[in-house]
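Please read the structure below before turning to the comments.
All of the numbers you see were taken from the coordinates with simple rules; none came from a lab. Treat the numbers as computed from the prediction; the structure is a model and nothing was measured. When we count neighbours, we look across all protein chains shown, and the Cβ atoms used for this are built from the backbone with ideal geometry, even at glycine.
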Amino acid sequence: MPDSKNPFSAEELDQIRKETPGVQHVVHFNNAGASLMNIQVAQKVSEYLDHELRYGGYETAIEYRQQIEATYQNIADHLQCNFREVAIMENATVAWQQALLSIPWKPDDIILTSRAEYASNYIAFLQLQKRLGVEVKPIPNNEFGEVDVQALESIIQPRVRLIAITHIPTNGGLVNPAAEIGSIARKYGIWYLLDACQSAGQMSLNVKEIGCDFLSATSRKFLRGPRGVGLLYVNERILPGLEPVLLDLHGATWDTPTSYRIRPDARRFENWEFNLAGVLGLSEAIAYASSLGIDRIWQRIQYLADLLRTGLEQIPDVSVHDLGRVKSGIVSFKGPFNSKRMKLRLGKAGFNTSLIVPEGTLLDMQDRGLGEMIRASVHYYNDENEIRQFVSYIKEHI
Ligand SMILES: Cc1ncc(COP(=O)(O)O)c(C=O)c1O
């Protein structure tokens, strides 16, 4: 029976698992890497490719134009924004970097960011620092390991141009207070870029409530879409002042020999060529998540992650390292074993996990003196039995 912790009935879960054939082969706790797709998503991708096989790529794109267009509306409904504020790209990093690099930077501008920032993001900050003299400053954490919103407000000054935060970091359960950060950004008129790569598909993302100017995400993680697709939300209010660094004939029109005109919507950030089969797969994945209800998904993920953490914590010498008051489906742990070797052993035993490496989120891992750990990330289609099996395996193999 569904209850306040576990919102899915046994019948519903049974149906979901039937539609997710991967669960018959593996215990998939690598949803923060890439989730298992369901049949509907895979079928949509292969239907599109099959059409391309028969009729040609450009011709298929024309045939599917309406469905491709509807994807923008699906994403917009999911993020609770206008479809003109949505761009689709090849991954979350490109989406995020397109946003970052479109800001008209001045030397001495300051970027405020989180201590649990993802390596690719931080490398881009350091590049900006090297190239343009922009300064990067991590915001202190509060006692729970979240971005400290009061500390953030106290370090705001006129040179702060951007607040760039990772909502759910790659290396653990932490959920940063995205909307509280957004209200500070709005209060001081500072641009706000949210990396929602790990939160999209786990929890509801209302960009207007969060108050971000940009949000980037990926298809393959908790949204359960195909690989090779990412998305970007850009607030319409700031769009007119943004010039993408990568601008092609899709994002702009070459209207005189010496000038070009940038399109008015967020698709100015896209390139002409992209993976349309993947786009339709993402659309299908979002429709599926909406039919289950994103709040119910979030509730079930938290329920399962809590079971997993509790199970792991009960094993002597195993420690769980997830920060924050609200915890996501990402569970990070280590024990008296070599994490890399244990991850490989788990894989051979049919448990998919991934390895957390210090350089993935360097500041946070150094702050906490952590080395490699195992990341077990659950999704709503996982079940209690899989968690029991996983915990027993760790218990028996340490
Ligand atoms: C927090 C975070 N941001 C960004 C990314 C990059 O996403 P993509 O590989 O789609 O570019 C990841 C991928 O793991 C991530 O965990």
Next on the checklist: Given the DSSP H assignment, sum -39500 (n - 2.57) over each helix run of at least 4 residues in the chain and divide by its residue total; what's the result at 222 nm in deg cm²/dmol, nearest 500?
Outcome noted: -12500 deg cm²/dmol
Checklist outcome for this item: Taking 86-97, 179-190 and ranking on average Cβ neighbours within 10 Å, highest first, one gets 86-97, 179-190
Checklist entry - Can you list residues whose amide H is under 5 Å from E135's amide H, if they're 5+ apart or on another chain and H is modeled 1.01 Å from N? => result D108, D109, I110, I111
Next on the checklist: Among DSSP bridges having both ends in the range 42-290, what percentage is antiparallel? Round to the nearest 5.
Outcome noted: 45
Item to check | Choice from G369, G22, G311 with maximal GNM fluctuation in the chain (Cα, 10 Å cutoff) | outcome: G369
Checklist entry - Can you list the residues, at least 5 places off or on another chain, whose amide H is less than 5 Å from the amide H of I356, using H built in the peptide plane? => result M373, I374, R375
Next on the checklist: Once you keep just the Cα pairs under 8 angstrom separated by 6 or more residues, what percentage relative contact order results for the range 144-219?
Outcome noted: 31
Item to check | For the range 5-74 versus the range 318-364, the gap between their alpha-carbon centres in whole angstrom | outcome: 27
Item to check | Pairwise FRET efficiency - E359 versus R325, Cβ, R0 = 41 Å, nearest 0.05 | outcome: 0.90
Checklist outcome for this item: Amide H neighbours of R115 at under 5 Å, excluding residues fewer than 5 places away on the same chain, with H built from the backbone geometry, are I139
Item to check | Sequence of I111, I315 once ranked by neighbouring C-beta atoms within 10 Å, starting from the fewest | outcome: I315, I111
Next on the checklist: Only Cα pairs within less than 10 Å get springs; with that Gaussian network setup on the chain, which residue of R375, R325, R227 has the largest fluctuation?
Outcome noted: R325
Checklist outcome for this item: Once Lys and Arg are counted +1 and Asp and Glu -1 for all other residues with Cβ under 10 Å from that of G133, the total becomes 0
Checklist outcome for this item: Here the alpha-carbon Rg of the chain over 2.2 N^0.38 Å rounds to 1.00
Item to check | In sequence order, calculated HN-Hα J values of the range 154-170 (Karplus, 6.51, -1.76, 1.60; Hz; x Gly/Pro) | outcome: 6, 9, 5, 8, x, 6, 6, 9, 8, 10, 10, 10, 8, 5, 10, x, 6
Item to check | Among I168, I356, I156: highest mean-square fluctuation, GNM of the chain, C-alpha pairs under 10 Å | outcome: I156
Checklist entry - Tell me, what HN-Hα J-couplings in whole Hz come from the Karplus equation 6.51 cos²θ - 1.76 cosθ + 1.60 at θ = phi - 60° for each residue of the range 110-115, using x for Gly and Pro? => result 10, 10, 9, 9, 8, 6
Checklist entry - Most exposed first by the Cβ proxy, i.e. fewest other Cβ within 10 Å, how do S319, S199 rank? => result S319, S199
Item to check | At most 10 other Cβ within 10 Å, DSSP loop - chymotrypsin sites (Phe, Trp or Tyr not before Pro), the range 240-272 | outcome: W272
Checklist entry - If each residue's Cβ is checked for other Cβ atoms within 10 Å, how do T113, T218 rank with the fewest at the top? => result T113, T218
Checklist entry - Using the Karplus equation 6.51 cos²θ - 1.76 cosθ + 1.60 (θ = phi - 60°), what ³J(HN,Hα) coupling, rounded to whole Hz, does each residue of the range 372-380 give in order, writing x for Gly and Pro? => result 5, 9, 9, 10, 10, 10, 9, 10, 5
Checklist outcome for this item: For the chain, averaging the sequence separation of alpha carbon pairs under 8 Å that lie six or more residues apart and dividing by its residue count, the contact order in percent is 23
